[in-house]
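The values are calculated or read from the model by the stated rules, or taken from the named source; none is laboratory data. Since we're looking at a predicted model, the values are computed, not measured. Note that each Cβ is placed from the backbone with ideal geometry, even for glycine, and that neighbours are counted across all protein chains shown. Accessible surface is based on the protein model in full, side chains and every heavy atom, while ligands, DNA and RNA are left aside. Shrake-Rupley method; radii C 1.70, N 1.55, O 1.52, S 1.80 Å.
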Amino acid sequence: MNYNKEILENSEIKYVVEADSSAWQNAIREAYNKTKHKFNIEGFRKGKAPFSVITRMYGVAVFFDDALDIILPELYSELLQKETELVPVARPGVDITAISDTELKVAFIVTVSPEFTLGEYKDLKLKKVSSKVTEEMIAEELTKAQEKAGAWENVTDRPCQKFDTVVIDYSGSVNGVKFEGGTAEKQNLELGSGMFIPGFEEQVEGMAIGEEKDITVKFPEDYGQSDLAGRDAVFAIKLHEIKTKVLPELNDEFAKDVSEFDTLDEYKKDIKANLKKTAEEKAQREMENALLDKIAENTQINIPDVMVEEQIEEMIQEFEYRIQYQGMKVEDYYKYTNSSRDELKLRYNEQAQKQVKMRLIMDAIIKAEGIKAEEAEIEAKIADFAKGQNVSVEEFKSKMNSSLQNYIENEIVTNKMIDFLMANNKFA
C-alpha cells in the first residue's frame, strides 16, 4: 500500500491511498465468492457460474461495491498502523479516485482534534455558591412529610375549594359536538393542580355534592390536538364527592410515625443535616460548572462540523432509547409531539457544540498537567464497583472488558482534573 498525505483546513487530513494490485484483485475474487449465488446464468446451476463467465457478461465492475466493502476497512486499518500519531475523532470520509480491475485509489478524509491554545484555567476568581440551609427550607420539608402522612377525608358540609380532590363526571363539546377524549366518569381531580385546561379547575371550585353545571374554557393555542387548539369548549360537569387532606400535627408523635427519631427536634436536626449535605453537593456542582464555563470562555476552538454532528447523533440516539424504554415507539413520539428528528438535531446543536468544546478543553488540561490514573486508584475504584455489585474483586475483574476499564480510568482522571481546577482557582 502506498499513500500520500495532504493537510486540509478545519482539522482534516487527506490521505490518497493506492491499494496493492494483488490485494484489490483478491478483494474482487472474495466479492465474487460471496455474491456468485445471486447470478442465474444459462448453462450453469445457480451460484456455479465461473468468475470469467460472469465478468464477460456483466463486466468486472459488478463486484466493485462488495469488493470495496471488503478492502476499505483493511486499507484504513493499515493506514492507522503506519500513521502512529494519527488520532481520528470521527469516521473518515471516503472518495474513490481511481478504480479498475487492477487498480484502486481511494482518498480518506480524516478529521482530527483541532489544534488550539488553552485559555487561562488557573488563578481565576469566581463567586462562591452558598450552601446555607434556612428555617424556611426545613419547614418546607416538614410540610412535604405532613402531606405524605396526611389522610383523605370526605367533606359533606361545604362546597369544594382549592386543594380539595373532587370526583366528577365531565363531557366536553365544541359547537355542540362531543370530541374524542373529552368525556369521563368518576374522574379524580385535585383542584389547583393545573392538570386540566386553564380555567377548568377554577370553575369547578364552589360546586357542591350532586351539583351539575356547564363551564366554558378555551383550549391553549399550542394544545397537542390541532383540531382543538385555540377553540372554545363547553364541559358539562357533575360533582359526586369532595375530599380534603387532613394533615397530622407537628409533634413528637408525628416524628415517631414518619422517621426513626423519638422527638420532633431530633427529626428536624436530621432534616437540616440532609438539606445541608444536598446543598453543599449542589453548590459544588454549580461552582465546578461555572469554572468550566469560564475556562471555555477563555478558550477559542474551531470545532470540526463532523465532531458536532456525531455528538448530536449520540444525544438523539440516547433520547430515542429513553423513549423506547418508556414503552413508546420513536415514530409515535414524533407524531404525537408534531416534531421530527431533524428538529431535534437543530435543538441539540448548541448543546452539542458546548459539550464537544468542553471535552476538548478537559482533555487538553489533563494532558498539560500530566494527570493520570494511578494503579492504586484503579484498584480502589474496581473494589468499589465490585462491592456495589456484591461480588468479589476477582469475579468483577474476570468480567471486565476494555470499555469498562477505559470508563473507570476516565472517571478517575476526570475527577482528579476537577479537583485540580477547584484547588487552583478561587471562590469568594
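Projecting the Cα positions of Val133, Phe163, Gly176 onto the charge dipole of the stretch 132-180 (unit charges on Cβ atoms of Lys, Arg, Asp and Glu, taken about the Cα centre) puts Gly176 furthest along the positive direction. Across the accessible surface of the stretch 38-98, with the other protein chains kept in place and a 1.4 Å probe, carbon and sulfur atoms take up 48 percent.
Where (1) 4, 21, 29, 24, 15, 5, 0; (2) 4, 11, 13, 18, 19, 14, 11, 7, 3, 0; (3) 4, 17, 24, 25, 19, 9, 2, 0 are the candidate values, the label of the one calculated here for P(r) over Cα pairs in 10 Å bins from 0, in percent is (2). A straight line joining the Cα centroids of the stretch 330-362 and the stretch 174-218 runs 37 Å. Dipole magnitude for the chain: computed about the Cα centre from +1 point charges on Lys and Arg Cβ and -1 point charges on Asp and Glu Cβ, it is near 1080 debye.
Here the 3J(HN,Hα) profile of the stretch 197-208, calculated from phi with Karplus coefficients 6.51, -1.76 and 1.60 at θ = phi - 60°, is 4, x, x, 5, 5, 4, 7, 6, 3, x, 6, 10 Hz, Gly and Pro shown as x. Other residues lying with their Cβ under 14 Å from the Cβ of Ile197 contribute a combined charge of -3, Lys and Arg counting +1, Asp and Glu -1. Based on C-alpha pairs under 8 angstrom that are at least 6 apart in sequence, the chain has a relative contact order of 16 percent.
Only lysine pairs 8 or more places apart or on separate chains count here, and in the stretch 32-125 those with Cα atoms under 27 Å apart total 9.
Remark: relative contact order (the stretch 203-266) = 26 percent; criterion is Cα-Cα distance under 8 angstrom and separation of 6 or more residues. Take the cross-link list Lys144/Lys282; Lys186/Lys245; Lys127/Lys381; Lys238/Lys335 and give me the ones stretching past 24 Å between alpha-carbons. Pairs exceeding 24 Å: Lys127/Lys381; Lys238/Lys335. The distance from the alpha carbon centre of the stretch 225-300 to that of the stretch 104-165 is 10 Å, rounded to a whole number. How much of the DSSP beta bridge set in the chain is antiparallel, as a percent to the nearest 5? Taking every DSSP beta bridge within the chain, about 95 percent pair in antiparallel fashion. Let a ≥ b ≥ c be the square roots of the eigenvalues of the Cα gyration tensor of the stretch 259-353; is it rounded (a/c under 1.5), or, if not, prolate (a/b larger than b/c) or oblate? Taking the square roots of the gyration eigenvalues as a ≥ b ≥ c, the stretch 259-353 is oblate.
With an a/c value of 1.5 or above and a/b not larger than b/c for the gyration tensor axes a ≥ b ≥ c computed over the alpha-carbon atoms, the stretch 295-428 is described as oblate. Since only Tyr267, Ala236, Gln324 are under comparison, the one whose Cα sits farthest along the positive direction of the charge dipole of the chain, derived from C-beta charges on Lys, Arg, Asp and Glu, is Gln324. Look at the alpha carbon pairs under 8 Å that are at least 6 residues apart: their mean separation over the length of the stretch 344-428 gives a relative contact order of 36 percent.
Straight-line cross-link partners of Lys329 among the lysines, defined as a Cα under 26 Å from its Cα and at least 8 positions apart when in the same chain: Lys345. Couplings for the stretch 41-55, taken from phi via the Karplus curve 6.51 cos²θ - 1.76 cosθ + 1.60 with θ = phi - 60°, read 10, 4, x, 9, 5, 4, x, 10, 5, x, 3, 5, 5, 5, 5 Hz in order; Gly and Pro are left as x. If the elastic network links every pair of Cα atoms under 10 Å, which of Lys276, Lys416, Lys82 fluctuates the most in the Gaussian network model of the chain? Looking only at Lys276, Lys416, Lys82, the biggest GNM fluctuation is shown by Lys82. By the gyration tensor of its Cα atoms, with a ≥ b ≥ c the square roots of the eigenvalues, what is the shape of the stretch 127-226: rounded for a/c under 1.5, prolate for a/b over b/c, or oblate? Note, shape of the stretch 127-226 comes out oblate. Counting Lys and Arg as +1 and Asp and Glu as -1 over every other residue whose Cβ lies under 9 Å from the Cβ of Phe51, the net charge comes to +2. For His240, the amide hydrogen comes within under 5 Å of the amide hydrogens of Val167, Ile168, Asp169, Gly210, counting only partners 5 or more places away or on other chains and with H modelled in the peptide plane. Projecting the Cα atoms of Gln355, Ser339, Thr414 onto the dipole axis of the stretch 285-428, where Lys and Arg carry +1 and Asp and Glu carry -1 at the beta carbon, places Ser339 farthest toward the positive end.
Applying the Karplus relation 6.51 cos²θ - 1.76 cosθ + 1.60 with θ = phi - 60° to the stretch 6-17 yields 3J(HN,Hα) values of 9, 7, 9, 7, 6, 6, 10, 10, 9, 10, 9, 10 Hz, where x marks Gly and Pro. Computed about its Cα centre, the charge dipole of the stretch 156-277 is approximately 260 debye, with only Lys, Arg, Asp and Glu carrying charge at their Cβ.
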